[in-house]
Amino acid sequence: MKNASPPKSTGPLGIRVGVWLLVVGLALVGIVVIGQSRRAASRVTTEAQGSDTSAPSLQRGARREAPSKSEPGHQGRRLSEWLEDLKTGDSKAKRAAQDALIAIGSQAIPALAELLNDTQAANAAAFALARFGREALPVLLDALTNGTTLARVEVAGVMSSFGPDTEEAVPALVECLHHDDAAVRGNAIASLQAIPRRPDIAVPALTACLTDADAGVRGNAATVIRKFGNDAAPAISILLRLARSDTDSHVRTRAAESLRFIAPERADREGL
């Protein structure tokens, strides 16, 4: 009986083949593992880069939105938009802008103060500031004493809206009576009519204006000085001269009216 032949795999050649197959298998497993690891790392890197890229974008967006968030507004429009309407809009747009700026409140005051030097908006800005009342008074008084001629003209014209309880405005208005521009002087005199206080400084300044070269200034001064009653007595002699001989008929009429109010007996004796 012959012995059975052993399997070929148990011989030297079979061992080598088995080992080779084992090595190849392990190599393939390693390649697969490495490939998966690289793909995973690539995904992580891409996601990280995406996060880094998006963060600055969001930050830039936040920076762009910051001004609009910090800028006050009203009815969905920013302060700067309402100010632009005050500068370039028609009369209806300017009135709407004034209402909106009042609604925005004190944050609008500095911007309105700057517009007092703008030829397109100075008048509307002055009236808007006056509507703020005493809250805007420091800004208005500063414009009367330190502002441009344009600012002084417009502010002097709106100060009458404050009334007689605003005695602190009188010195600034009196200072305007010495200004080179006749419109500044005339508007300041008109506002003193609504604030007949401080006769110690107002009456001498108004008396000086009775001899102003501008007829409108003389006429305003002749009308307003009567508001000071008996305190206006130092102006009687000049009022008498104006009533008799001023070259402007309106000035003569106003001077005579004030003389009859301040010194009725003297007016009667003079036939006025």
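When the scattering of segment 94-197 is computed by the Debye formula from its Cα atoms alone, each counted once and equally, what is log10 I(q)/I(0) at q = 0.10, 0.16, 0.24, 0.25 Å⁻¹?
-0.23, -0.60, -1.28, -1.37
How many nm is it between the label spots at GLN107 and ASP200, if each spot is 7 Å from the Cα in line with the beta carbon?
Computed distance between label sites GLN107 and ASP200 equals 4.4 nm.
Can you tell me which of 226-237, 73-84, 210-221 comes out highest on packing, and rank the rest after it, using the mean Cβ neighbours within 10 Å? It would help to have the intermediate numbers written out before the result.
Numbers: 226-237: 17.1, 73-84: 15.6, 210-221: 19.5.
So the order, starting with the most tightly packed, is 210-221, 226-237, 73-84.
Using 7 Å Cα-to-Cβ label points, what is the HIS178/SER237 separation (nm, one decimal)?
So the label points at HIS178 and SER237 sit 2.3 nm apart.
Using Cα pairs closer than 8 Å and at least 6 residues apart in sequence, work out the relative contact order for segment 178-272, in percent. Walk me through the numbers before you get to the answer.
Working: 111 pairs, mean separation 22.7, N = 95.
After rounding, I find 24 percent.
Just name one of VAL251, ASN230, VAL203: the one whose Cα is farthest towards the positive end of the charge dipole of segment 177-272 (beta-carbon charges, Lys/Arg +1, Asp/Glu -1).
The residue sitting most towards the positive pole is ASN230.
Set the Förster radius R0 to 30 Å, insert the Cβ-Cβ distance between ASN146 and GLN120 as r into 1/(1 + (r/R0)^6), and round the FRET efficiency to 0.05. Numbers along the way, then the final one.
Values: r = 22 Å, r/R0 = 0.72.
Computed FRET efficiency for ASN146 and GLN120: 0.90.
Each reported figure results from applying straightforward, stated rules to the coordinates on display, with no laboratory input. Source: prediction; values computed, not measured. We place every Cβ from the backbone using ideal geometry, glycine too, and count neighbours over all the protein chains shown.
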